[in-house]
Amino acid sequence: MKEDALLFNYARGPVVDENVVIKALEDGKIAGHISDFPSPKLIDHDKVLLTPHLGASTAESEENCACMAVKELKGYLEYGNITHSVNFPNVESIPTVWVHTRLIVINKDTPGMIGLMSNILGKHDINIMSYTNKSNGTLGYNIIDTASAVSPEVCKEIEAVDGVIRTRVIPVKSGFNITI
C-alpha cells in the first residue's frame, strides 16, 4: 500500500485494529484514517477524521423503513410498480389516461418481446393506451395499460411465448384518471 493511502472504515468498528492503525499513522505507513466509529483512541488523533455513524437501526429509521415498505408494497399491489428491488428492474408508471386494465408481464430480457406481446393484444382487439418496459439486463418488466379487459385466455397466450415468466392483471373498474 502506498504511504499516502487513506484507510476508510464504514463497515464495522471491530474490522479495524485501532492500535495497528495508530501505529501505522505514527510510522507514516498510511496518511490518514476516516471512519464513522469514534473511540477514545481515535477521537483526538490529528490524522483521523471521524464522521457521524448514521446506522439504520435507530427508532426513526426503523419507522421510516416500515412506512417505505408499506408504500412500496401498496404501489406494487395497486399499480404493479416495483421500487428498490434486488432482482427486478425499478419501474413506476402512474396512469395518466382512462384505462380499463393494467397488464403486468415479466419476461426474460430477449429481443422481440415487446412486439410479441403487442401483437397478441392487437390480435384480440385490445388497444394499448400506455406501455412501460424496463429491464435489468436479465428480466424485462412490462406495465401495459389497456382500454378493455384482458381475458385469462389472452394471458395464457402471452404466457405461452418462450421467455415469458408470468402475467398479472390488475383490473380497474372505473379507470385511472390522475391529473398531474
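Every read-out reported here was derived from the displayed coordinates using simple, explicitly stated rules and does not represent laboratory data. Owing to the predicted nature of the structure, the values given are computational and were not obtained by experimental measurement. With ideal geometry, Cβ positions are generated from the backbone for all residues, glycine too; neighbour counts draw on all protein chains shown.
Here are a few things to note about the model shown:
- Of L77, S151, N64, farthest towards positive along the dipole that unit charges on Lys, Arg, Asp, Glu beta carbons give the range 60-171: S151
- When the convex hull of its Cα atoms is projected in every direction, mean area for the range 6-50 (nm²): 2.6 nm²
- Here the residues T51, T132, T167, ranked from fewest to most Cβ neighbours within 10 Å of their Cβ, fall in the order T51, T132, T167.
- Taking the fewest neighbouring Cβ atoms within 10 Å as the starting point, the ordered list for L77, L50 is L77, L50.
- Net charge dipole size for the range 8-145 [Lys, Arg +1 and Asp, Glu -1 on Cβ; Debye, nearest 20]: 540 debye
- Cα centroids of the range 1-70 and the range 100-145: 47 Å apart.
- Estimated translational D of the chain in µm²/s (Stokes, Kirkwood radius over Cα pairs; 25 °C; 0.890 mPa s): 120 µm²/s
- For G80, nonlocal amide neighbours, meaning residues 5 or more places apart or on other chains whose placed amide H falls under 5 Å from its own, do not occur.
- Amide hydrogen proximity for S148: with H placed 1.01 Å from N in the peptide plane, the residues at 5 or more positions away or on another chain lying under 5 Å are H100, T101, N127.
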